[in-house]
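Bear in mind these aren't lab numbers, they're just calculated from the coordinates by the rules spelled out. Small disclaimer: the values here were computed from a predicted structure and weren't measured. A quick note on method: Cβ atoms are made from the backbone with ideal geometry, for glycine too, and the neighbour counts reach across all protein chains shown.
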Amino acid sequence: MTRRTSLRAVSAAFLTLCLTVPSVLSARADRLLVLPFRVSGKAPAAYFDESELPAQSMQAALFLSRLLREYRAIPYRESGADRLQGLDEQAAENRLGTFCSDPNVSHVLGGQLLFTGPSDLTVEIFTASCVRRSILYKDRSSGNINEIQSLMRKSIFRATPFLPESRSYARLQNFEEMRDSHLHVVVDLSGSMELTLPFARRALEALEPSPGKTVTFTVIGSSARIEHTEAFADQTAYLKTVRSLHGSGATTEASLLDGLRRAADHIKPGTTRMLFLSDATFSEKGLLQLQEIFRSYKRAGIDVALFPGYGSDPAFLDRTGRFDRIARVYTPVFARRGGFVSGESRFFVRRGSAFFLCPGNAGDDIASGRLDTSRCQSFPAHRYSKTELDLDRIVQAYAERNNLKISEISPVYSDLEFRIADFLTDRTGARAPYRVLLQSGSRAFWIGLNSKEDYQALSRKKGEKLYVGLHLKATPGGVENIPARIYMLPDADVPRLFLLEYERLLKLNRSYWNVRDAWFFHVEVRDYRHE
């Protein structure tokens, strides 16, 4: 064949391709028809309603297909007396003529849930082409029934390689699960800490230790008593220790420094964080020693955070700037509300070494960690003596200078538990500019959001119930959601197979958790805040 003849043949073939193939493809819209699944074996009644499984598995596969692929997916709709309870791949292939009679359908996806034991499940997925009228790909995954979403997701992804991957799902895969990391907590148990410890206990109670994420304690009490605990991986023993943290007597600078040094001998390998809770005021010599201790932990790869207590001296807090680059110093809010006979009430607030006067209705904002001190008045601290700049005395001092009579002084308010959560969840990426409090059953929990639009949509639903889907992970701070992606779907589109009560989620073995899975909850929006 000459070169000219060859070119003519290629041109003719190309022209034929342009005239015929597009005409065939143009008759097919890019849509994936998802069928009800076949169910085999005995589905555990405690987990599933067997009569609903074919339809529920179809809805779940529809959600996952839309999540994984940039491709339109539609559910199979029953027509007349035709009620499809799920087909295996051979039966589905035999009926492709029927399924593909709709010109809007280009591909068909179906599958089977095979229950092989009390907790064992095999997921089979197949895809077929309406152009070729044959099965294209199939995949099979086996595991525990608690992994049903992971099994379906993996098999659907592997059985649809011809479809473009969702860009948002590709980004989601970049979120890595937190590596094993242990926490060490050093607590000053002097009597003056008794007003700080309730907030610390609440924050620590939210932690859920596991073999890969243990918590150990060094407690420093009166009479130079220093005690170290085991590495807690069991929730029951851990909570017993947390709830026993109460202050009494007095601790010394020397015992606190000694306790911090000796903690190094009891830190579990793999520990990356140390939390130090104390309201002590260190001398200049003590500050230098504290710097060196923090520096040695930093060299060992341990991130130290100092949380000053309710009774911390503002003058000492001014000097903690020298810990920059070797430790983090958090400045939680502590406050008391003063009520006066005149009917006026104010919150007297300390953040770090600064004092503020905030409205008397700011209590909820303080307790929920969302107080914005820029909306408060600066307290004229220069007019008060050092002894008066103490939250135990400041209300009386203010009343005397302003000729007011006190009617009440409230208990202590603080956002300490939220600041501890900031430290513990910082590296996981779960802290987000928007937070929403959701109620699922008897449990309330905060979720983080990066999207202002999602935040506004949820905040408008305050007091209402809706379905929300979340990507979750376990962290030292407890259960956290990935703030980059949440799902708010109409009731009809919710994949009921992935619907959980929050209490049941907490009981699931963490080995079954996968950050790429999206679990849905029927929740009420309780509160929200923007940081």
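Details
- Sorting Lys138, Lys285 by the number of Cβ atoms found within 10 Å of their own Cβ, with the fewest placed first, yields Lys285, Lys138.
- Note: relative contact order over the chain, using C-alpha pairs below 8 Å and six or more positions apart, is 11 percent.
- Cβ crowding within 10 Å averaged over residues, with 418-424, 352-358, 337-343 ranked highest first: 418-424, 352-358, 337-343
- Note, ³J(HN,Hα) from phi for the stretch 379-384, Karplus 6.51, -1.76, 1.60, rounded to Hz, x at Gly and Pro: 7, x, 4, 5, 8, 10
- Shape summary of the chain, radius of gyration then Dmax from alpha carbon positions: 30.5, 111 Å.
- Dipole magnitude of the chain, debye to nearest 20 (Cβ charges: Lys/Arg +1, Asp/Glu -1, about Cα centre): 1640
- Karplus-derived HN-Hα couplings along the stretch 309-317 (A = 6.51, B = -1.76, C = 1.60, θ = phi - 60°), whole Hz, x at Gly and Pro: x, 4, x, 5, 6, x, 5, 5, 4
- Cleavage-rule hits (chymotrypsin sites (Phe, Trp or Tyr not before Pro)) in the stretch 73-164: DSSP loop, at most 16 neighbouring Cβ within 10 angstrom: Phe162
- Cα gyration tensor category, rounded, prolate or oblate, for the stretch 101-173 with a/c compared to 1.5: oblate
- Using C-alpha pairs below 8 Å separated by at least 6 residues, the relative contact order for the stretch 430-530 is 41 percent.
- Footprinting exposure proxy for Lys473, Lys42, Lys461, Lys507 (fewest neighbouring C-beta atoms within 10 Å first): Lys507, Lys42, Lys461, Lys473
- Each of the peptides 394-402, 378-386 was scored by the mean count of other Cβ atoms within 10 Å over its residues; in descending order, highest first, they stand as 394-402, 378-386.
- Cβ-placed point charges (K, R +1; D, E -1), dipole of the stretch 66-150 about Cα centre in debye, nearest 20: 320
- Residue exposure proxy: Ser296, Ser374, Ser210, ordered by other Cβ atoms within 10 angstrom of their Cβ from fewest to most, comes out as Ser374, Ser296, Ser210.
- Pair Glu227, Ser451: separation of 7 Å Cα→Cβ label points (nm): 4.9
- Computed over neighbours whose Cβ is under 10 Å from that of Arg243, the net charge equals +1, Lys and Arg +1, Asp and Glu -1.
- Dipole axis of the chain (+1 Lys, Arg; -1 Asp, Glu on Cβ), positive-most option in Gln56, Ser255, Pro332: Gln56
- Residue among Ser353, Leu391, Pro483 farthest towards the positive dipole end of the chain, charges placed on Cβ: Pro483
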